[in-house]
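As structure tokens, the structure follows; a few thoughts come after it.
The values are calculated or read from the model by the stated rules, or taken from the named source; none is laboratory data. Not measured: the values here are computed from a predicted model. Here the Cβ positions follow ideal geometry from the backbone for every residue, glycine too, while neighbour counts run over all protein chains shown. Just the protein is used for accessible areas: all its heavy atoms, side chains included, with ligands, DNA and RNA removed. Shrake-Rupley method; radii C 1.70, N 1.55, O 1.52, S 1.80 Å.
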Amino acid sequence: MHDVSHVSPSLSVGVSIPFYAGLGYLRDALASLAAQTDGDWTAVVIDDHSPEHGAEQVVADLDDARIRYVRNETNLGLAGNFNRCLGEP
């Protein structure tokens, strides 16, 4: 029998973040995610063809390989983008 009492459980988490507007909120959400003590996560920001440009730059400025950016070719709407987030690995 192996003693695993010293091993902390770990779970890799994938987070999808729908975005349409509010670059400040996006910046805050990503900064909060990056500050987590457990770094075993990945995130994707899914931009729903926002007229507010800059989300891609917010992601790039973080320079964190765990965070990627995807922009929808057309606006899917709130429910459509949420569903896309659910299907994104």
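At 1.4 Å probe radius, can you tell me the per residue accessible area of the chain in Å²?
Details: 6100 Å² over 89 residues.
Here the per-residue accessible area is 69 Å².
For the chain, the residue among 50, 83, 23 whose Cα projects farthest onto the positive side of the dipole built from Cβ charges is 83. The Cα-based radius of gyration of the chain, divided by its Kirkwood radius, gives an Rg/Rh of 1.10. When peptides 33-40, 81-88 are sorted by average Cβ neighbour count within 10 Å, with the highest value leading, the order is 81-88, 33-40.
Relative protection proxy for 66-76, 41-51, from highest mean packing down: 41-51, 66-76 (other beta-carbon atoms within 10 angstrom).
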